[in-house]
Amino acid sequence: MNSKLKQIIQTVKSELGKDPSSIIIGKICDGNKNETLNCDPKVQLYYDFLKECDGASCGSIDFWNSEMVLNEQYKVTDMPGGRENWFCIGQILYEPIVLNKTDTKVYRFYQGFEDDIEPDCFGDFDDFLLEYVFGDKYAKIIPEAYEDEWYRLLKKLNLF
């Protein structure tokens with residue numbers, strides 16, 4: 001994870017910490033500093049994220065924490081290639097977001113429509129965080145984002 005992304009996470013976390021009612025906007029947890037936090041090397045970049053931020057609610061985007069992430073892997077069993085190819089990292093409006101173990105890109109699959117609707121690809125993990133979670137492309141994946149408190153927070157912090 002690059003230093004710019006770490007700085008953005010800390011800035012947003014700090015701003016959220018100023019107001020106890022901000023939990024309805026989002027929450028960025030403290031990082032998991034456990035040195036034994038290990039995983040499949042193909043998804044190490046997600047575990048690096050957990051070391052910086054052990055789970056988060058970023059408006060309508062949720063990331064599983066280190067305790068939940070392994071329990072959520074049942075969601076990839078019906079995806080092409082199953083657990084061999086995919087690692088579920090969270091959800092966007094209750095649709096799973098997964099990391100491809102081969103190309104390290106983030107995808108959103110639509111439950112119940114696996115064969116009918118192609119998954120959305122958001123680029124590699126850091127780009128997904130910078131552009132969609134903490135950037136203006138949030139409005140491209142979240143309906144009525146301009147009314148969303150997370151989107152407003154990002155604008156207030158001049159993140160785009």
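Do we have any residue at all in segment 108-130 that's open to solvent by less than 10 Å² (accessible area, probe 1.4 Å) and under 15 Å from residue 75 (Cβ atoms)?
Among the residues of segment 108-130, not one is open to solvent by less than 10 Å² (accessible area, probe 1.4 Å) and under 15 Å from residue 75 (Cβ atoms), which makes the answer no.
Which condition breaks for residue 57 when tested against (1) buried (at least 21 other Cβ atoms within 10 Å of the Cβ); (2) at pLDDT 95 or above?
Going through (1) buried (at least 21 other Cβ atoms within 10 Å of the Cβ); (2) at pLDDT 95 or above one by one, residue 57 breaks only (1).
Working only within segment 3-21, note down all residues that are out of contact with any strand residue (DSSP E or B) (no Cβ under 7 Å at 6 or more places or on another chain), surrounded by 16 or more Cβ atoms within 10 Å (Cβ to Cβ) and farther than 15 Å from residue 129 by Cα.
15
So which residues in segment 131-160 are of a type in the set (A, V, I, L, M, F, W, C), at pLDDT 95 or above and open to solvent by 30 Å² or more (accessible area, probe 1.4 Å)?
If the condition is that a residue be of a type in the set (A, V, I, L, M, F, W, C), at pLDDT 95 or above and open to solvent by 30 Å² or more (accessible area, probe 1.4 Å), then 157, 159 are the ones that fit.
Could you list, in sequence order, the residues of segment 32-44 that are outside any loop (DSSP other than H, G, I, E, B) and either modelled with pLDDT of 90 or more or under 17 Å from residue 67 (Cβ atoms) (or both)? Steps first, please.
Here is the first cut: in segment 32-44, the ones outside any loop (DSSP other than H, G, I, E, B) are 41-44.
Scanning segment 32-44 gives a single hit, 43.
What number of residues in segment 17-31 are within 16 Å of the chain's Cα centre (by Cα) and in a loop (DSSP other than H, G, I, E, B)?
Here the count works out to 4.
Just name the residue that is most open to solvent (accessible area, probe 1.4 Å) out of those in segment 22-54 that are in contact with a Gly (Cβ under 9 Å, 6 or more places away or on another chain) and of a type in the set (D, E, K, R).
Per the stated criteria, the residue is 27.
Quick one: residue 69 ticks every box in (1) buried (at least 17 other Cβ atoms within 10 Å of the Cβ); (2) at pLDDT 95 or above except a single one, so which number is it?
Among (1) buried (at least 17 other Cβ atoms within 10 Å of the Cβ); (2) at pLDDT 95 or above, residue 69 violates only (2).
Among residues belonging to segment 99-130 that are closer than 23 Å to residue 2 by Cβ and among the hydroxyl-bearing types (Ser, Thr, Tyr), point out the one that is modelled with the highest pLDDT.
The extreme case among them is 107.
The values are calculated or read from the model by the stated rules, or taken from the named source; none is laboratory data. These numbers come from a predicted model, not from an experiment. Cβ: placed from backbone, ideal geometry, glycine included. Neighbour counts: every protein chain shown. Side chains included, ligands, DNA and RNA excluded: accessible areas come from the protein's heavy atoms. Shrake-Rupley method; radii C 1.70, N 1.55, O 1.52, S 1.80 Å.
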